[in-house]
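What follows is a single structure, written as structure tokens, with notes after it.
The values are calculated or read from the model by the stated rules, or taken from the named source; none is laboratory data. Fair warning: this is a prediction, and the values are worked out from it, not measured in the lab. Virtual Cβ from ideal backbone geometry, glycine too; neighbours counted across all protein chains shown.
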Amino acid sequence: MKNCTEPGLYDLNSYDYKLPEELIAQQPLADRSQSRLLVVSGRNRFADDRVVNVGDYLRAGDLMVTNDSRVRHARVRARRQGGGISEVLFVRQLSSCHWRVLLRPARRSRVGDRLSLPAGVVAEVTAVEDDGCRVVRLDDLPADLDTYLQRWGEVPLPPYIRGRLADSERYQTVYGRQIGSVAAPTAGLHFTVDLLDKIRRRGVDVVSVTLHVGPGTFRPVSEQDIRCHRMHGEEFSVEERTMEILSAAVADGRRVVAVGTTAARVLETLARENFTRCRGTTGLFIYPGFKWRMVGGLLTNFHLPRSSLLMMVSALAGLGTVKEAYRHAIERKYRFYSFGDAMLVWRQPAGQDAHVG
């Protein structure tokens, strides 16, 4: 058992910060690529730019890796037995007719309860799991679930987004093609087709992996010693040709830039398994002290306090550097979270930046 008492880099409080509410972006920009970009190349080494210029910080021979998961229209309103409205969030398919879901309000949903969904579909609760998720069996589904959800469901926006989107495609990346996430891999929301083409013309190769983002992405770390935290597993897959490219990149010492923490998680999972598995589930938790084997650079949004995503960025760039970068961003009124601005950070040598002030 780990000794959950060491302070500093492993203290949850080190990953807290205060954000003015007005800096939480509520809507995406009209032009995806015009989001601001904070380039972080070391302690107090910051450059303010725009995502449209991210190619200026890349070089020929770099490999950029995106996550091509699409967000499922996973949120459906349902009517409970005895009256009242529930919200069903479809998380993961378990069998042809059984799904793992989140229900709200959850406390009123017990085994045997039946929920009436649109178009005559009935969901019966068959199990209550330890983390509060429910398993439901679907009856009378008129088509496969994703076809049904595309008609009757909504894209589930993060809880800090108060309004609705006029166009749900703005919560999808332009390259997303594998349906399965309940939240967008938000670093990719900044890219347009033209920007990706521009990056390729600079001699940068762009490939995709797939990781389906689960609801745990919004779950804050609660353990005071972050080493005691356990990540929820998330499903990933990689095409065989892409696996060959990734393996060769490591062997050749190419610089690998991950677009988003989800892509980074897949890459480091693959590297630890010597590229022997094209699909599966990863519960890899990346925090300071982590030994990176593949990712050299990371394009990422600004993350919530005390989140595992903030800890991952700190593992790459150094906690002290990240804290100063966030202060810089707040002072200059960058937009935060899913529809906000971005950072480009580079991996720092181990032990170079342990300051947590």
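Key figures for this structure:
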{"read-out": "Residues of the stretch 139-154 classified as outside any helix (DSSP H, G or I) and either in contact with a Lys or Arg (Cβ under 7 Å, 6 or more places away or on another chain) or at pLDDT 95 or above (or both), total", "value": "2"}
{"read-out": "Evaluation of residue 90 against (1) surrounded by fewer than 19 Cβ atoms within 10 Å (Cβ to Cβ); (2) in contact (Cβ under 8 Å) with a residue 12 or more places away in the chain (one fails), failing number", "value": "(1)"}
{"read-out": "Residue, surrounded by the most Cβ atoms within 10 Å (Cβ to Cβ), within the stretch 194-216, restricted to residues that are assigned to a loop (DSSP other than H, G, I, E, B) and β-branched (Val, Ile, Thr)", "value": "213"}
{"read-out": "Given (1) over 23 Å from the mean Cα position of the chain (by Cα); (2) closer than 16 Å to residue 187 by Cβ, number of the condition residue 32 does not satisfy", "value": "(1)"}
{"read-out": "Contacts under 7 angstrom Cβ, first residue in the stretch 186-212 being in contact (Cβ under 8 Å) with a residue 40 or more places away in the chain and in the same structural domain as residue 61 (by TED's automatic domain parsing), partner in a strand (DSSP E or B) and aromatic (Phe, Trp, Tyr), 6 or more apart", "value": "209/236; 210/236; 211/236"}
{"read-out": "Residue selected from the stretch 257-269 under the condition among the hydrophobic types (A, V, I, L, M, F, W, C) and touching a helix residue (DSSP H, G or I) at 6+ places or on another chain (Cβ under 6 Å), by the criterion farthest from residue 338 (Cα to Cα)", "value": "258"}
{"read-out": "Options 283, 297: the member that is among the small types (Gly, Ala, Ser) and either farther than 21 Å from residue 212 by Cα or touching a helix residue (DSSP H, G or I) at 6+ places or on another chain (Cβ under 6 Å) (or both)", "value": "297"}
{"read-out": "Test: residue in the stretch 157-172 that is in contact with a strand residue (DSSP E or B) (Cβ under 7 Å, 6 or more places away or on another chain), of a type in the set (D, E, K, R) and not in a helix (DSSP H, G or I)", "value": "no"}
{"read-out": "Among (1) assigned by TED's automatic domain parsing to the domain that holds residue 252; (2) polar (S, T, N, Q); (3) at pLDDT below 95 - the single one residue 301 does not satisfy", "value": "(3)"}
{"read-out": "Test: residue 323 is at pLDDT 95 or above and either among the polar types (S, T, N, Q) or touching a Pro at 6+ places or on another chain (Cβ under 9 Å) (or both)", "value": "no"}
{"read-out": "Failed criterion for residue 325 (all others in (1) buried (at least 24 other Cβ atoms within 10 Å of the Cβ); (2) within 27 Å of residue 246 (Cβ to Cβ) hold)", "value": "(2)"}
{"read-out": "The lone exception for residue 136 - which of (1) closer than 24 Å to residue 210 by Cα; (2) in contact with a Phe, Trp or Tyr (Cβ under 6 Å, 6 or more places away or on another chain) it fails", "value": "(1)"}
{"read-out": "Residue under evaluation residue 132, criteria (1) in a loop (DSSP other than H, G, I, E, B); (2) at pLDDT 95 or above, criterion not met", "value": "(2)"}
{"read-out": "Count - residues of the stretch 24-74 that are at positive phi and either surrounded by 15 or more Cβ atoms within 10 Å (Cβ to Cβ) or part of a strand (DSSP E or B) (or both)", "value": "1"}
{"read-out": "Residues that are under 18 Å from residue 146 (Cβ atoms) and not small (Gly, Ala, Ser), drawn from the stretch 162-184", "value": "169, 171, 172, 173, 177, 178, 179, 182"}
